[in-house]
Amino acid sequence: MPARTIPLSVRITADDAEFIAGLQLEGAVTPSDKIRALIRDARRKQEHRTDYLDVLGQVGETVAPALAAIRIAERNQDVHSEFMLLFVEWLPEVLAELLTRTAVNQPDELDLKELEKSIARRVFRLLERALRLSVAAETSAYEAENLTKYLPALLRLATLIETQNERGSDDD
């Protein structure tokens, strides 16, 4: 048996009414359908904010138009960038991780050490994958320089870190 519906009357601006009229939501045609769809979506986001896969899907939906625009532009310009796809795929993963790990009822419940560990793992994985792409920059980016111009500074920093680590192990 379907849930009983309750009529609800709201006043909105002409701009909001125009926005709702032009809003494209799957299976929603009338303004009432669209408002119900918006409420369903907001409820789903609220109720499943600790479910990584659900949040990943939500963030993926948010990023999807940007990814589609990139793919269309790549097709039209006959170019491709593994780096851009790497980043656009990575972004929802790290955002979903951040959002699900911070979706706690009380700030005291937030495990900051685990959050940092998880985000660090994802950031350094992205960095490692980006560095791997820089080896084959001609085939991995719109402009090879985008993947190689930061390498000298990173290599100097890596050398400095390695030197400090070696000194620290010599002190033992």
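The numbers here are math on the coordinates, done by the rules we state, and not lab data. Just so it is clear, the model here is predicted, and its values are computed rather than measured. Here the Cβ positions follow ideal geometry from the backbone for every residue, glycine too, while neighbour counts run over all protein chains shown.
Looking at segment 97-172, which trypsin sites (Lys or Arg not before Pro) are DSSP coil and have at most 16 other C-beta atoms within 10 Å of their C-beta? Present the calculation step by step, with values, prior to reporting the outcome.
Numbers: sites: Arg101, Lys113, Lys117, Arg121, Arg122, Arg125, Arg129, Arg132, Lys149, Arg156, Arg167; in loops: Lys149.
Of the trypsin sites (Lys or Arg not before Pro), the ones in loops of segment 97-172 whose Cβ has at most 16 other Cβ atoms within 10 Å are Lys149.
Take the alpha carbon atoms of segment 21-108, find their radius of gyration, then divide it by 2.2 N^0.38 Å using N residues; give the quotient. Working shown, then result.
Working: Rg = 16.5 Å, N = 88, 2.2 N^0.38 = 12.1 Å.
Output field value: 1.37.
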Cross-link reach from Lys45 to lysines, straight Cα distance under 28 Å and at least 8 residues apart if same chain, gives Lys34, Lys113, Lys117
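Find the all-direction average of the projected area of the Cα convex hull for segment 8-47, expressing the result in square nanometres with one decimal place. Before the final figure, lay out each step's value.
On the way: hull surface 12.9 nm².
Projected area, direction-averaged: 3.2 nm².
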Expected unfolding gain across Ala3-Ile72 under the 0.36 nm per residue rule, minus the alpha-carbon gap, is 20.6 nm
The helix 151-170 Cα axis meets the longest alpha-carbon principal axis of the chain at an angle in degrees, between 0 and 90 and rounded to 10, of 60 degrees
For segment 8-47, whose charge dipole is built from +1 on Lys and Arg Cβ atoms and -1 on Asp and Glu Cβ atoms, the candidate among Gly27, Ala42, Thr13 with its Cα farthest towards the positive end is Ala42
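Can you sort Val104, Val135 from fewest to most other Cβ atoms within 10 Å of each residue's own Cβ?
Numbers: Val104 13, Val135 10.
Placing the least packed residue first, the sequence is Val135, Val104.
Which of the peptides 55-68, 18-31 is most tightly packed, and how do the rest follow, judged by the mean count of other Cβ atoms within 10 Å per residue? Intermediate results must be reported in sequence, preceding the final value.
Numbers: 55-68: 14.7, 18-31: 10.9.
With the highest mean Cβ count within 10 Å placed first, the list reads 55-68, 18-31.
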Dividing the mean separation of Cα pairs under 8 Å (6+ apart) by the residue count of the chain yields a relative contact order in percent of 18 percent
Quick calc: nm separation of the 7 Å Cα→Cβ label points for Glu47 and Phe124 -> 3.9 nm
Rounded to the nearest 10 degrees, the helix 52-77 long axis (Cα) sits at an angle to the longest Cα principal axis of the chain of 80 degrees
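Take the eigenvalues of the Cα gyration tensor for the chain, scale each by 5, and report the square roots as semi-axes in whole Å, largest first. List each step's numbers first, then the result.
Numbers: eigenvalues 377, 135, 27 Å².
Semi-axes (√(5λ), whole Å): 43, 26, 12.
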Here the FRET efficiency for Lys117 versus Leu25, based on Cβ atoms and R0 = 41 Å and rounded to 0.05, is 0.60
Pseudo-spin-label distance Ser169 to Asp15, built 7 Å along Cα→Cβ, given in nm, is 6.1 nm
Given the candidates Leu127, Leu157, Ser169, the one whose Cα lies deepest towards the positive end of the charge dipole of segment 97-172, counting +1 at each Lys or Arg C-beta and -1 at each Asp or Glu C-beta, is Leu127
For segment 83-159, listing GluC sites (Glu not before Pro) in a DSSP loop whose Cβ sees at most 15 other Cβ atoms within 10 Å gives Glu143
Sorted on mean Cβ neighbours within 10 Å (highest first), peptides 4-16, 37-49 come out as 37-49, 4-16
Taking Cα atoms only, helix 31-47 is inclined relative to the longest principal axis of the chain by an angle, in degrees rounded to 10, of 40 degrees
